[in-house]
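Here is the structure we will look at, set down as structure tokens.
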Amino acid sequence: MKRIVILEAIQESNSYCYVNYELKDFYDHYYYYGEDVMKYRGHAGTEVHGFVDILSQEEDIEIVPLFATHATSGGAISAEAYEKIAGDIREGLQKAGHVDGICAALHGAMLSVSSDDPEGDFLQIMREIVGEEVPIFATMDLHGNITRKKFENATGIVGFRHYPHDDSFQTGQRAARLLVKTVKGEIQPVMALGKAPMLVPCNTGTIGGGPMEEILKNEDRMEEEKGILAVTVFPVQPWLNVPETGFAAVVIADGEKEQAISCAQTLARMGWELKEKFEREIVPPAKAIELALEAEEDNVILVDTADAPGGGSTGDSNIMLKALLEAKVTVPCCVSVVDSEAADKAARAGIGAKVTVSVGNKIDVRRGTPIEVTGTVRRISDGRFVYAGLFAGSVGDMGTTVVLQVGEIALMISSRATYEWDDGQYRCAGVNVSDYKMIVIKNPMSYQKTYQHITKRAYILDTPGPSSANLKSFPFERINHPKYPFDQIENPVIETLVK
Ligand SMILES: [Zn+2]
């Protein structure tokens with residue numbers, strides 16, 4: 001019987017989010033051990049589900065679930081949270097006794113206040129305990145940052161191919177299949193990494209057209225080549241102020257290092273060639289409002305990437321609310337701000353009440369101050385909703401949520417930030433987006449799918465915030481240079497590693 005350990009430790013960090021994530025944030029989400037990992041994570045389309053699906057089909061494999069935990073995107077995790085996860089890996093593996101392989105679901109872009117590369121550290125701990133001969137396959141988000149430490153300690157790294165990420169289950173399956181074949185001695189995996197000296201914004205990293213679509217086609221084509229086992233391009237989420245960040249391609253091949261190197265370099269170079277295509281015009285709020293008013297379309301999307309909870313922001317920026325108020329809009333607009341205090345106050349006032357609240361920038365205090373608005377409470381809800389698009393069926397929970405009508409502006413005030421995978425938040429609050437000329441959303445790209453049936457006109461806003469689309473607005477004083485788009489690079493060096 002072969003014993004395969006599975007585990008999950010996921011959080012996406014953002015160097016520019018000043019709110020650090022504590023251990024409590026993981027517990028609040030989930031932190032399962034042993035059989036509970038199978039019970040709660042072994043389904044629902046997760047990477048762990050993909051592991052379990054493949055591993056459980058093998059008669060001579062015993063699954064040894066260690067633990068599974070996740071916190072939402074945000075700032076670097078605390079030293080306590082880091083130590084807890086590292087300790088659970090160490091103790092879990094020591095207790096597990098003899099182990100024949102590991103499938104680890106990681107994110108790839110986690111930071112901690114005590115480390116630039118927690119997941120590299122976690123993989124190193126696993127490696128030190130199980131030794132050089134035991135295969136370790138890790139799954140990662142394509143927004144993960146592939147460091148030397150991650151590369152050196154994993155046998156193989158397999159990432160999501162899709163953004164939006166609707167292929168978590170398949171990614172888990174791909175990694176587990178490779179692990180099973182390795183354990184059985186059917187393949188001898190080698191891995192190559194190619195890195196291009198560039199950072200790209202998230203808005204254009206989707207597979208719905210654009211440069212990543214082209215890259216994806218090449219990933220698919222390469223994976224069909226004889227001897228190639230897995231190919232992933234990691235455009236990386238750009239808000240990581242760490243030395244080794246950058247666009248990467250990881251290729252796993254069966255014994256043929258040269259083949260793996262060649263494919264990884266080709267894909268990294270392709271990213272470089274396409275770098276300008278990742279750029280998209282970003283528009284200051286006042287200008288975007290002006291353009292929206294001039295537009296013939298009934299609905300226009302204003303994309304406040306900078307405050308996207310999915311990118312690690314707090315969702316509590318009031319910049320777009322302020323911009324709409326300053327523009328004195330006379331057409332219906334909707335915008336959201338996270339502010340539990342304001343939501344509570346408005347909810348207590350009751351439907352139909354006229355209320356004045358101070359709203360926004362109480363969490364992200366460095367980028368603005370609360371503003372006072374007076375409006376009529378139009379709707380109060382518990383903020384619980386079911387996602388209908390990506391991750392359909394999973395539940396979002398904004399806490400007490402109020403729609404305050406401020407002139408023509410429907411201001412949705414929620415108590416907690418949630419990922420905007422679709423328009424679930426507005427739906428939940430009774431805001432029918434097609435009734436609004438301007439719809440402010442806080443996600444870099446989900447609008448392309450969510451709102452395509454009502455409008456194709458969208459402006460990406462040049463607003464400040466931890467997940468801004470304007471990469472040049474960040475100091476990035478710790479990243480290795482030269483790097484596009486910050487430096488002039490004549491002959492890019494594609495950094496290559498192989499093992
Ligand atoms: Zn991602």
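Against the list (1) of a type outside the set (Val, Ile, Thr); (2) touching a residue at least 40 places away in the same chain (Cβ under 8 Å); (3) assigned to a strand (DSSP E or B); (4) within 16 Å of the ligand (Cβ to nearest atom), the condition Cys202 fails is (3).
Give me the residue from region 60-114 that is within 16 Å of the ligand (Cβ to nearest atom) and assigned to a loop (DSSP other than H, G, I, E, B) and, out of that set, surrounded by the fewest Cβ atoms within 10 Å (Cβ to Cβ).
The extreme case among them is Thr72.
Among the numbered conditions (1) at pLDDT below 95; (2) more than 16 Å from the ligand (Cβ to nearest atom); (3) in contact with a helix residue (DSSP H, G or I) (Cβ under 7 Å, 6 or more places away or on another chain), the only one that Gly208 does not meet is (2).
Cβ separations smaller than 6 Å between residues 6+ apart or across chains give the following pairs from region 125-143 residues that are under 15 Å from Pro189 (Cβ atoms) to residues that are within 16 Å of the ligand (Cβ to nearest atom) and in a helix (DSSP H, G or I): Thr139/Glu47; Thr139/Thr171; Thr139/Gly172. Of all positions in region 246-266, none carries a residue that is hydrophobic (A, V, I, L, M, F, W, C) and exposed (fewer than 14 other Cβ atoms within 10 Å of the Cβ). Lys217 meets all of the listed conditions (1) surrounded by fewer than 17 Cβ atoms within 10 Å (Cβ to Cβ); (2) assigned to a loop (DSSP other than H, G, I, E, B); (3) of a type outside the set (Gly, Ala, Ser) but one, namely (2). Count of region 287-315 residues, restricted to those that are within 16 Å of the ligand (Cβ to nearest atom) and on the phi > 0 side of the Ramachandran plot, is 1. Filtering Lys472, Lys449 for residues that are without any contact (Cβ under 8 Å) to a residue 24 or more places away in the chain and either surrounded by fewer than 22 Cβ atoms within 10 Å (Cβ to Cβ) or within 23 Å of the chain's Cα centre (by Cα) (or both) leaves a single hit, Lys472. Considered as a group, the residues in region 318-333 that are of a type in the set (A, V, I, L, M, F, W, C) and farther than 11 Å from Val406 by Cβ include one that is surrounded by the most Cβ atoms within 10 Å (Cβ to Cβ), and that residue is Met320. Here region 220-245 is the region considered, the condition is being assigned to a strand (DSSP E or B) and away from the ligand (no atom under 16 Å from the Cβ), and the residue that is surrounded by the fewest Cβ atoms within 10 Å (Cβ to Cβ) is Ile228. Of all residue pairs spaced 6 or more apart or on separate chains, those with beta-carbon atoms under 7 Å, a first member in region 232-245 that is closer than 21 Å to Met191 by Cβ and in contact (Cβ under 8 Å) with a residue 12 or more places away in the chain and a second member that is among the polar types (S, T, N, Q) and outside any strand (DSSP E or B) are Val236/Asn145; Val236/Thr245; Glu244/Asn145; Glu244/Thr147; Glu244/Asn480; Thr245/Asn145.
Say whether the condition of being in contact (Cβ under 8 Å) with a residue 12 or more places away in the chain, charged (D, E, K, R) and in contact with a Gly (Cβ under 9 Å, 6 or more places away or on another chain) is met by at least one residue in region 284-303. The answer is no, given that none of the residues of region 284-303 is in contact (Cβ under 8 Å) with a residue 12 or more places away in the chain, charged (D, E, K, R) and in contact with a Gly (Cβ under 9 Å, 6 or more places away or on another chain). Which of the residues spanning region 298-347 are more than 16 Å from Gly360 (Cα to Cα) and assigned to a loop (DSSP other than H, G, I, E, B)? Hits for region 298-347 are Asp298, Asn299, Gly312, Ala327, Lys328, Val329, Thr330, Val331, Pro332. Under 6 Å between Cβ atoms, which residue pairs at least 6 apart in sequence (or on different chains) link something in region 173-184 that is free of Cβ contacts under 8 Å to residues at least 60 places away in the same chain with a partner that is surrounded by fewer than 24 Cβ atoms within 10 Å (Cβ to Cβ)? That search, which allows pairs on different chains as well, returns Lys181/Ile187. Candidates are the residues of region 135-148 that are more than 16 Å from the ligand (Cβ to nearest atom) and surrounded by 20 or more Cβ atoms within 10 Å (Cβ to Cβ); the one that is nearest to the chain's Cα centre (by Cα) is Thr147.
The values are calculated or read from the model by the stated rules, or taken from the named source; none is laboratory data. Since we're looking at a predicted model, the values are computed, not measured. Cβ sites come from the backbone with ideal geometry, for glycine too, and all protein chains shown count toward neighbours.
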